[in-house]
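Presented below is the structure to which this report refers.
The values are calculated or read from the model by the stated rules, or taken from the named source; none is laboratory data. Just so it is clear, the structure is predicted and the values come from calculations on it, not from any experiment. Don't worry about glycine lacking a Cβ; one is built from the backbone with ideal geometry, like all the others, and counts go over all protein chains shown.
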Amino acid sequence: MVIDTYVTSLGAALRGPRAAKRELLTEVRDSLHDAAAHYESTGLPAAAAASLAVDEFGSVHELAPDYQRELAVSQARRTALFVAAAVAVQQAISEFAWRSAATGWTWHPGSGYLFLARTVDYAGYTVVVVGLLTALACGVGSRYVNAGRTFVRTTGIAAIAICAFFVLGGAALSLLSPAWHTTATNTSPLALTTSAITAATPLWMVLSGLRCLRAASPRPTLS
């Protein structure tokens, strides 16, 4: 059918979150079917009505860039929310692990260690706030902020950079503290769960950032 072929072609030209893309294509399909039904009610054959609906809707080449921008912004919003949530959770886990491991310690961190710890902490607070503001800019704030491809691409790069910063910073804090030696062989369920979350979160953060870069990059045929 003409409408199904058109929607399939449009879907092949777009990249973005699966749920958002599926919802967008469903709206397009419904709009085309409604238009075709209207033309049929005027006496046109079904095939001619569907073709007319597709022709008046616009070509994939013309419409795909606008739809791609919408999906890219949706991906940026998801990435920003995920990064903010991930950093907040990681901060909470790190604080809990630190307080649990510090029981009975006589170790006093040096000024360099304290500076690094505070830098990581304050960076975490900043990332959470900026992440939430970015997500807001991709939603209701889009009327005030030009959330285009550059904005989405920047969000993706920032997600990857934030991941690298916290992985390196967290690794340095762990290696330089007595907690590394007391918890490295801890195999309790809580420790294993914490380790799994700590290991998986950066991977998902990088993946989400890469999805932003991919969604913000137009296909050669649509540039």
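Given the criteria farther than 21 Å from S142 by Cα, touching a residue at least 60 places away in the same chain (Cβ under 8 Å) and aliphatic (A, V, I, L, M), does A48 qualify?
The answer is no for A48.
For region 43-88: of the residues being under 26 Å from H33 (Cα atoms) and of a type in the set (S, T, N, Q), which is surrounded by the fewest Cβ atoms within 10 Å (Cβ to Cβ)?
Filtering region 43-88 for residues that are under 26 Å from H33 (Cα atoms) and of a type in the set (S, T, N, Q), the one surrounded by the fewest Cβ atoms within 10 Å (Cβ to Cβ) comes out as S59.
Any idea which residue in region 140-179 is modelled with the highest pLDDT, counting only those that are assigned to a loop (DSSP other than H, G, I, E, B) and surrounded by fewer than 15 Cβ atoms within 10 Å (Cβ to Cβ)?
In this case the residue turns out to be G148.
Return the residues of region 1-40 that are under 18 Å from the mean Cα position of the chain (by Cα) and not in a helix (DSSP H, G or I); say none if nothing qualifies.
L14, R15, G16, P17
Does region 102-118 contain any residue that is at pLDDT 90 or above, in the same structural domain as N146 (by TED's automatic domain parsing), farther than 30 Å from S9 by Cα and of a type in the set (D, E, K, R)?
Within region 102-118, one or more residues are at pLDDT 90 or above, in the same structural domain as N146 (by TED's automatic domain parsing), farther than 30 Å from S9 by Cα and of a type in the set (D, E, K, R).
Being aromatic (F, W, Y) and either touching a Cys at 6+ places or on another chain (Cβ under 7 Å) or assigned by TED's automatic domain parsing to the domain that holds V152 (or both) is the filter here; which residues of region 58-88 pass it?
F82
Quickly run through region 109-139 and pick out the residues that are touching a Leu at 6+ places or on another chain (Cβ under 8 Å) and aromatic (F, W, Y).
Answer for region 109-139, where residues must be touching a Leu at 6+ places or on another chain (Cβ under 8 Å) and aromatic (F, W, Y): just Y113.
Kindly evaluate S94 against the criterion of being assigned by TED's automatic domain parsing to the domain that holds L175 and either among the small types (G, A, S) or at pLDDT 95 or above (or both).
Yes.
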